[in-house]
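Here is the structure we will look at.
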Amino acid sequence: MQRVRTALALLAVGAAGIAAPFAIPAIAARSSTSSTVTIKVKATEFKFALSKKTVALGTTVIFKITNNGKIGHDFKINGKKTRLIQPGKTATLKVKFTKKGKLRYLCTVPGHAANGMKGTFGVGVNVTTTSTVVTTTGGTTTGTTTGGGGSCSTPTTTVNVGLREYAFDLDKGGPAQTPLPAGCIQFVIKNNGSLVHNFDIAGVRVGAFLNPGASETWAVQLAAGTKTIQCDVPFHIERGMTSTLTVA
């Protein structure tokens with residue numbers, strides 16, 4: 001009887017040894033499964049607001065991007081990009097993050113990232129957030145000051161700016177005109193065209209998006225130099241709505 005019990009015990013150990021190699025891969029498969037999260041992204045002129053800016057390594061993220069702005073935007077991260085999202089519309093972008101680090105996200109429409117539509121996303125690391133300063137400088141609408149010249153309240157020079165398809169009409173400081181004197185300069189801007197336009201002094205001040213016939217007035221402090229001016233509506237730069245402003 002003792003010999004029978006010993007034989008049965010050896011058989012049980014052998015069976016466990018055979019089963020073990022099959023159990024290990026199953027455990028490994030469960031441990032390598034990554035999570036999936038949804039992150040909401042709100043796009044406006046000119047910024048993104050993300051519901052979450054950090055995820056764990058190996059996470060698959062479904063970005064749900066809603067355009068709450070007045071013009072088209074897109075969203076690009078980790079080499080993937082949405083289509084151009086029209087105002088009021090939503091798009092999704094699925095991305096799996098397999099490398100640890102800080103990644104840049106941005107809107108690829110010309111001029112939009114330069115005016116603030118960009119940020120940093122963390123994979124397995126924390127990121128710090130920055131904010132865009134929004135100011136109103138006595139005009140009828142709100143624009144964004146992006147650096148390179150602060151707002152001012154005692155202008156010494158006034159420039160009238162007309163917007164149309166696809167050009168700017170300036171009565172002072174244009175490419176073929178006498179340069180503006182450096183200092184506090186007031187811009188009186190009116191959309192004389194049939195489409196939405198805005199007046200953006202790149203790196204200094206982003207004007208509001210104006211419907212046909214609408215206008216706004218604001219003032220900024222400008223140092224001597226050549227400033228790029230542009231309209232930030234998608235594809236308007238490509239159609240020629242960019243020029244220079246000369247300050248002496």
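The values are calculated or read from the model by the stated rules, or taken from the named source; none is laboratory data. No experiment lies behind these values; they were computed from the predicted model shown. Reconstructed Cβ throughout: ideal geometry from the backbone, glycine too, with neighbour counts over all protein chains shown.
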Checklist entry - Quick one: Ile65 ticks every box in (1) under 27 Å from Ala219 (Cα atoms); (2) crowded, with 18+ Cβ neighbours inside 10 Å bar one, so which box is it? => result (1)
Next on the checklist: Checking the conditions here, which among Thr217, Thr226 is at pLDDT below 95, in a strand (DSSP E or B) and of a type in the set (Ser, Thr, Tyr)?
Outcome noted: Thr226
Item to check | Test: residue in segment 107-124 that is crowded, with 20+ Cβ neighbours inside 10 Å and over 15 Å from the mean Cα position of the chain (by Cα) | outcome: yes
Checklist outcome for this item: Subset of segment 218-248, residues surrounded by fewer than 18 Cβ atoms within 10 Å (Cβ to Cβ) and of a type in the set (Ser, Thr, Tyr), comes to Thr226, Thr228, Ser243, Thr244, Thr246
Item to check | Odd one out for Thr137 among (1) more than 22 Å from Leu195 (Cβ to Cβ); (2) under 27 Å from the mean Cα position of the chain (by Cα); (3) at pLDDT 85 or above; (4) crowded, with 18+ Cβ neighbours inside 10 Å | outcome: (3)
Checklist entry - Restricting segment 191-203 to residues that are in contact with a strand residue (DSSP E or B) (Cβ under 6 Å, 6 or more places away or on another chain) and under 22 Å from Cys152 (Cβ atoms), which is modelled with the lowest pLDDT? => result Ala202
Checklist entry - Does Phe199 satisfy the criteria of being buried (at least 17 other Cβ atoms within 10 Å of the Cβ), under 18 Å from Ala114 (Cβ atoms) and without any contact (Cβ under 8 Å) to a residue 60 or more places away in the chain? => result yes
Checklist entry - Of all residues in segment 45-65 being at pLDDT 95 or above and within 12 Å of the chain's Cα centre (by Cα), which is nearest to Asp200 (Cα to Cα)? => result Phe48
Item to check | Pick from segment 72-102, criterion under 13 Å from the mean Cα position of the chain (by Cα) and of a type outside the set (D, E, K, R), ranking: farthest from Phe235 (Cα to Cα) | outcome: Ile77
Checklist entry - Would a scan of segment 124-133 turn up a residue that is in a strand (DSSP E or B) and either at pLDDT below 95 or under 16 Å from Thr44 (Cα atoms) (or both)? => result no
Checklist entry - Does Gly173 qualify as being modelled with pLDDT under 90, small (Gly, Ala, Ser) and surrounded by 21 or more Cβ atoms within 10 Å (Cβ to Cβ)? => result yes
Checklist entry - Is there a residue in segment 231-240 that is modelled with pLDDT of 90 or more, outside any loop (DSSP other than H, G, I, E, B) and either more than 19 Å from Gly72 (Cα to Cα) or in the same structural domain as Ser151 (by TED's automatic domain parsing) (or both)? => result no
Item to check | Near pairs, Cβ below 6 angstrom, 6+ apart or cross-chain, from segment 161-184 (on the phi > 0 side of the Ramachandran plot) to any residue that is β-branched (Val, Ile, Thr) and part of a loop (DSSP other than H, G, I, E, B) | outcome: Gly183/Thr156
Next on the checklist: Any residue that is modelled with pLDDT under 70 and either touching a helix residue (DSSP H, G or I) at 6+ places or on another chain (Cβ under 6 Å) or farther than 23 Å from Thr242 by Cα (or both) - is there at least one of those in segment 140-163?
Outcome noted: yes
Item to check | Filtered residues of segment 45-55 (kept if part of a loop (DSSP other than H, G, I, E, B) and within 15 Å of Leu106 (Cβ to Cβ)) | outcome: Glu45, Phe46, Lys53
